[in-house]
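The values are calculated or read from the model by the stated rules, or taken from the named source; none is laboratory data. Just so we're clear, the structure is a prediction, and the values are computed from it rather than from any experiment. Neighbour counts run over all protein chains shown; Cβ positions are idealised from the backbone, glycine included. The area values use the complete protein model at the heavy-atom level, side chains included, leaving out ligands, DNA and RNA. Shrake-Rupley method; radii C 1.70, N 1.55, O 1.52, S 1.80 Å.
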Amino acid sequence: MNSFPWLTVLGAVPLVGSVVVALLPKSRPLLAKQVAFAISIIVLGLTIAIALQFNGSTSEPFQFVEYHQWIPAFGVTYSLGVDGIGLVLIALAAVIVPITILAGWNDVEEPNVEQVGSVKGYFALILALETLMIGVFAATDVFLFYVFFEAMLIPVYFMIGRYGGAQRSYAAMKFLLYSLVGGLFMLAAMIGLFVVSGQLTGRGTFNWFELVGLNIDPTTQKLLFLGFFFAFAIKAPLWPFHTWLPDAAGASKPGTAVLLIGVLDKVGTFGMIRYCLPIFPAASDFYAPIIIAMAVIGIFYGAFVALGQNDLKRLFAYSSMSHFGFIALGIFVFTTIGQSGSVVYMVAHGLSTAALFLTAGFLMQRSRGSSLLSDYSGVNKPAPVLAGFFLFAALSSLALPGLVSFVGEFMVLLGTFQRYIWVGAIATLGIVITAAYVLRVYQKSMTGPVGSGLETIKDLRGREITALVPIVALSIFLGLYPAPLLNVVNPAVDTVMSVIGATNPAPTVGSSSITSEGTQQ
Amino acid sequence: MNAVVEAVRAADQTPWVMPTLDYKLLAPILIILGAGVVSVLFEAFLPRAARRPAQLVLVFAALVAALVSIISLQGIRSLSGQGALVVDGPGLIMQGTIVIIAILGAMLMAERGLDPSGDAFAARASSLPGSEDERQFTARGYFQTEIWAFFLFAVGGMLMFPVANDLLMMFVALEVMSLPLYLLTGMARRRRLLSQEAALKYFVLGAFSSAFFLYGAALLYGFTGSISFPAIAASLSATTGQTGLLLIAVGLLGAGLLFKIGAVPFHQWTPDVYQGAPTPLTGFMAAAVKIAAFGALLRLFSVALGGMRWDWTPMLWVIAILTMLVGSIIALTQSDIKRMIAYSSIAQAGFILVGVVAASAAGLAGAIFYLIAYAFTTIGVFAIIMMVRDESGEATHLSKWAGLGRRSPFVGTIFAIFMLSLAGIPLTSGFIGKFSVFTAAIASGDTWLVIVAVVASLIAAFFYLRVIVLMFFTEPTEETAEVAVPSVFTTVALAAGATVTVLLGIYPQPLLDLIINAGVFVR
């Protein structure tokens, strides 16, 4: 038992930093950036300190546990703790935030200082968001989770609405309303869960540990599950709840898009594995075929739309939607390897999304902010380094072996094949389309004759390369040696599997009962 | 003939018993009403220049004294005033909140730093709008200090309303509360025709609703033979069948109270009155009348009519749903901030009704928490509406709020917090309020009502957030209003509203404890 409140401190540092940055004088934008970057590095350091102390081999899955009463009248506690899954996602957030700050160093001064909010405001919002991201992954109380989950919307809303592009106001509103729809249904389900827990134990509770052990009757489970799942499916987003994502991504700064898609949307898939599965095992089992169908449709739908997109940011948003299909698929096939794969995929997708959006953002900055694919060609001649990083990002997105995204995708598919061989076979085809659209983007924008106006664009600067190198290094390192990741994730997934009472099928047997589900696709 | 004479003689010979009144229990109400009388005397005898300071000292001293006496009654549960009134936990909490809101409301009404020609009230209410008289009075810098007498009587009525324990006392409280408010509504300094029209509408419709209430009271008295709530409850539990007349009585009483709450379909006056009334008064009224009227509704329905909750919950079910949906949907179409907040207050009343429908201790506690949270947020909202001005006075058209958050980030941020609270976003008091009433409703089995409430919250969130979009994501234009710098009065009221909104969102437990420990109504 660790008495030092590591997680609270970890969450408090960026919050304090956010206030400090917000209080800096408006005339010192550089100072605001430096302070924000320094804070995010401190958070990264603290995260590393926590990760090093994390013991992957104990029987106790949740570590760094904190527990305080908060609103006893509603059985609400301030309780934090991380298992392997939470830790990995906090680490992802801690890595992505400094990269985003560094990459977005000059984002908010262009094109017109008059038109956008203050520089310090943007960085203060990023830090505030980091606090909430840490909180949402560390909460072990459903109420606390919900508070972070909803509060997270506010900084993102302002980041899109104040600092985004032409459609920012519309996109911000759409993002917020979609999220609120999900959030409010989750609120209703959460209250229902509280009342049910009161009926079963005599005292209503929101504590995750107490809720997991409850034997809620299956009919109630199915209703409550829907409330939670709906919120997560919008957040993740799964087909058909995805339409806010392309608008939000298209209208935001590259940095905002990275945080939104790379980290924030993971809360959706994280929520499924942390809340939907263990608290509502029977309902999860009941809905799994439908969700798997949604996931597979999403894989193809996102990929096909991406194939036809001309706007880079929207294209990446659709490709993410396709990837989220894989993540959800891995979670709901109920195999250890599939679920571990999903968690690895979440990390991999965070990294590859960051690489894609940031390199695309660097490219757009150099060319009057246009995000249209048709405006670019032959960039690899004037800017070979940029083209190189873009190629890397593209390959990472299509899961090239040797990169961490390959590990995740391979594990998810393997897990799927173990359970539903046909679903696995169909999902695998999605990879082909992914390769098609990713390579199409690279080919159109980077190769061929140099487009007009692009002859003089500058290659990446030192700061930009510095922001991208850690992503590349991590992708390759974890791709070749995923053991550190899997060592902490696997025990957590085993716990989830045992809570929901799922067992891994024998490797060679394909389950015949669900094959009809697969053939529907 | 002889028999009558005999009876009169007998009555004469019965010794008249002096009613015993425990003045300590009545102190909060007596202090305020007494101060109201003194306030009238001030108007009559003090020289013009001395009136404002004297009235302000009187008002704040009386309110603080009332608050102290309410706090000193803490823990007492008893009948008072020969059973016409009660002292109990929920009643004291509501009275305490009303007094605190009255203090903040009085601060808004005392503000003279915003309008270049004075406060928010007409120089002379008797002068015709647009007349030479009016110009003269305004030019000479006349002020009406009579508003403070009205204000005190209204507060006195509000303090009686949630603790009235018989139908007659409840009616008297209703009128004592309402009549001064009708008058005050018509006294706006700017846009006086609008203000007077609102006052007339409010008065006529209010008179209707009072008549409904009185008619319902008469029917209920006819049915049960008593006007006292406990006696009515006892009589109802002893009777079975023949409920037709009774249901009509309950419906009429409900209509009278729901009018004050602004529940659909008795809400028509709300937007006009909110828009027409002087803004500080609107803020005070929106917050305090809601508490008082909900207090009365809760007491009447749970104490007197508690035994027949299966008859009235369906009625309130339908009204709650209508109120939430109509309020939220019509608010979407508003282009004037005061009208928008008026429809928002209707929607909020619907959410509070969800707690009333739950008809349980948790529902009562949830509704009280919601009322308190809502009251403080509302005071803050109107404080800011008072501050946003252009050369023609308060700039209430939404187009004038475009880019306001960019021009005045601090005030914009506070207003955004209020909007988020009204929308029920976590870490604000509005969220905890919604959470408590929804929890109570689900625990009482009203799951579908909560699902409707959730949908309504979403619609409501849209128009609250639209204001944020307007303030922060839109460019300021030449039309954009300025934020005037208020005096210490408005600043304090605004700070109190904002602090409570955030504090109750983060750490609601002390207030929840207070409300839960206060228990239920005395029966």
**Request:** Output the peptides A:10-19, B:342-351, A:449-458 sorted from most to least packed, where packing is the average of other Cβ atoms within 10 Å over each peptide's residues.
**Result:** B:342-351, A:10-19, A:449-458
**Message:** Under the 0.36 nm per residue contour assumption, what length would be gained going from the current alpha-carbon distance of B:F45 and B:V485 to full extension?
**Reply:** 155.0 nm
**Fill in**
Binned at 10 Å starting from 0, the alpha-carbon pair-distance distribution of region A:189-317 in whole percents comes out as 12, 37, 27, 17, 6, 1
**Message:** Compute the helix-to-body angle for A:483-500: its Cα long axis versus the longest principal axis of chain A, expressed 0 to 90° and rounded to tens.
**Reply:** 40 degrees
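Take the Cα pairs of the protein assembly as shown, get the Kirkwood Rh, then feed it into Stokes-Einstein at 4 °C and 1.567 mPa s and tell me D in µm²/s.
42 µm²/s
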**Fill in**
Computed for chain A: size of charge dipole around the Cα centre, +1 on C-beta of each Lys and Arg, -1 on C-beta of each Asp and Glu, debye to nearest 20, value 1060 debye
**Fill in**
Here D for region A:449-505, in µm²/s, from Stokes-Einstein with a Kirkwood Rh over Cα pairs at 10 °C and 1.306 mPa s, works out to 102 µm²/s
**From the C-alpha gyration tensor of region A:1-124, square roots of 5λ in Å** = 33, 18, 12
**Request:** Two decimals is fine: what is log10 I(q)/I(0) at q = 0.20 Å⁻¹ for region A:124-260, from a Debye sum with one equal scatterer on every Cα and no solvent?
**Result:** -1.12
**Asked** Taking the Cα atoms only, what angle lies between the long axis of helix A:153-163 and the longest principal axis of chain A, rounded to 10 degrees?
**Response** 10 degrees
**Item:** Rounded to 10°, Cα long-axis angle of helix A:168-201 versus longest principal axis of chain A
**Value:** 10 degrees
**Asked** Using r as the Cβ-Cβ distance of B:F208 and B:L332, and R0 as 25 Å, what FRET efficiency do you calculate, to the nearest 0.05?
**Response** 0.30
**Message:** Please compute, for the alpha-carbon atoms of region B:1-159, the extent along each of the three principal axes and give them in descending order in Å.
**Reply:** 69, 47, 25
**C-alpha center-to-center spacing [region B:236-292, region A:397-455] in angstrom** = 63 Å
**Request:** Would you tell me the accessible area of B:V488, worked out with a 1.4 angstrom probe on the heavy atoms of the protein chains, in Å² to the nearest 10?
**Result:** 100 Å²
**Message:** Looking at chain B, identify the longest residue range that excludes and avoids all GluC sites (Glu not before Pro) in DSSP loops having at most 16 other Cβ atoms within 10 Å.
**Reply:** B:1-390
**Request:** Any chance you could tell me what percent of the C-alpha pair distances in region B:422-464 go past 12 Å?
**Result:** 59 percent
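How long are the semi-axes of the equivalent ellipsoid of region B:416-523, taking √(5λ) for every eigenvalue λ of the Cα gyration tensor, in whole Å from largest down?
Taking √(5λ) for each Cα gyration eigenvalue gives 32, 21, 10 Å.
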**Asked** Could you work out Rg/(2.2 N^0.38 Å) for chain B, with Rg from alpha carbons only?
**Response** 0.97
**Asked** Largest first, how would B:W310, A:W70 line up by accessible area (1.4 Å probe)?
**Response** B:W310, A:W70
**Prompt:** Rule-of-thumb check for region A:332-490: C-alpha Rg over 2.2 N^0.38 Å?
**Reply:** 1.15
**Asked** Can you count the Lys pairs in chain B whose Cα atoms are under 25 Å apart, with each pair 8 or more apart or on different chains?
**Response** 10
**Request:** Estimate the FRET efficiency between A:I48 and B:H397 by the formula 1/(1 + (r/R0)^6), using the beta-carbon distance for r and 41 Å for R0, to the nearest 0.05.
**Result:** 0.15
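Regarding region B:355-413, what is the average projected area of its C-alpha convex hull, in nm²?
5.5 nm²
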**Item:** Estimated Rh, region B:144-281: Kirkwood, alpha-carbon pairs, angstrom
**Value:** 16.0 Å
**Item:** Spatial separation of Cα centroids for region A:50-96 and region A:142-157, in angstrom
**Value:** 17 Å
**Asked** Taking the inverse of the average 1/r across all pairs of different Cα atoms in region B:47-106, what Kirkwood radius in Å do you get?
**Response** 12.9 Å
**Residues listed by number, region B:434-460, amide nitrogen under 17 Å from A:T219 label point at 7 Å toward C-beta** = B:445-448
**Request:** Before anything else, pin down the relative contact order of chain A: Cα pairs under 8 Å, at least 6 apart, normalised by residue count, whole percent.
**Result:** 15 percent
**Message:** Along the charge dipole of region B:26-159, pointing to its positive end and built from +1/-1 on Cβ of Lys, Arg, Asp and Glu, which listed residue (B:P47, B:M109, B:Y142) has its Cα farthest out?
**Reply:** B:P47
**Message:** Roughly how large is the B-A contact in terms of buried accessible area, totalled over both chains, probe 1.4 Å, nearest 100 Å²?
**Reply:** 3100 Å²
**Item:** Dimensionless Rg ratio for chain A, taking C-alpha atoms and the 2.2 N^0.38 Å reference
**Value:** 0.93
**Prompt:** Between region B:354-399 and region B:35-100, what's the alpha-carbon centroid distance in Å?
**Reply:** 23 Å
**Asked** Based only on Cα atoms, what Rg/Rh ratio does region B:205-257 have, Rh being taken as Kirkwood's radius?
**Response** 1.00
**Request:** Take a quick pass over chain A and tell me how many lysine pairs come in under 21 angstrom between Cα atoms, counting only ones 8 or more apart or on separate chains.
**Result:** 21
**Item:** q = 0.10, 0.19 Å⁻¹, region B:66-191: log10 I(q)/I(0) [Debye, one scatterer per Cα]
**Value:** -0.42, -1.00
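Per residue of B:468-475, how many C-beta atoms from partner chains lie within 10 Å of its own C-beta, taken as a mean?
5
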